[in-house]
Amino acid sequence: MNTDDVERLRHLLEAAREALGFVQGKVAEDLTRDRLLLLALVKEIELFQSEMILPDPVGLSPRDHALTVR
């Protein structure tokens, strides 16, 4: 595994841990009552997702690239 992969996995783990920390002891209704909690959770999910997207690979169409995950 190369250094970039290790760093990407480190970011994935950090975002997942943050998201879990935000929802610890919460119930689904808390997301409708607490907008700050909802926005923080969405941001961590976005960070997690951004780490799953590969850099622009050469030769793939935009549609194929959108379907590509690590």
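The values are calculated or read from the model by the stated rules, or taken from the named source; none is laboratory data. Owing to the predicted nature of the structure, the values given are computational and were not obtained by experimental measurement. Reconstructed Cβ throughout: ideal geometry from the backbone, glycine too, with neighbour counts over all protein chains shown. These area figures cover heavy atoms from the full protein model, side chains too; ligands, DNA and RNA do not enter into them. Shrake-Rupley method; radii C 1.70, N 1.55, O 1.52, S 1.80 Å.
Observations on the model:
- Single residue of the stretch 3-29 satisfying the filter (among the charged types (D, E, K, R) and in contact with a helix residue (DSSP H, G or I) (Cβ under 6 Å, 6 or more places away or on another chain)) that is farthest from E51 (Cα to Cα): E18
- Considering the stretch 3-18, the residues that are of a type outside the set (K, R) and open to solvent by 100 Å² or more (accessible area, probe 1.4 Å) include one that is modelled with the highest pLDDT, namely E14.
- Taking the criterion of being of a type outside the set (D, E, K, R), over 18 Å from the mean Cα position of the chain (by Cα) and assigned to a helix (DSSP H, G or I), the residues of the stretch 1-30 that qualify are T3, A28.
- For the stretch 19-51, residues that are open to solvent by 80 Å² or more (accessible area, probe 1.4 Å) and in contact (Cβ under 8 Å) with a residue 24 or more places away in the chain total 1.
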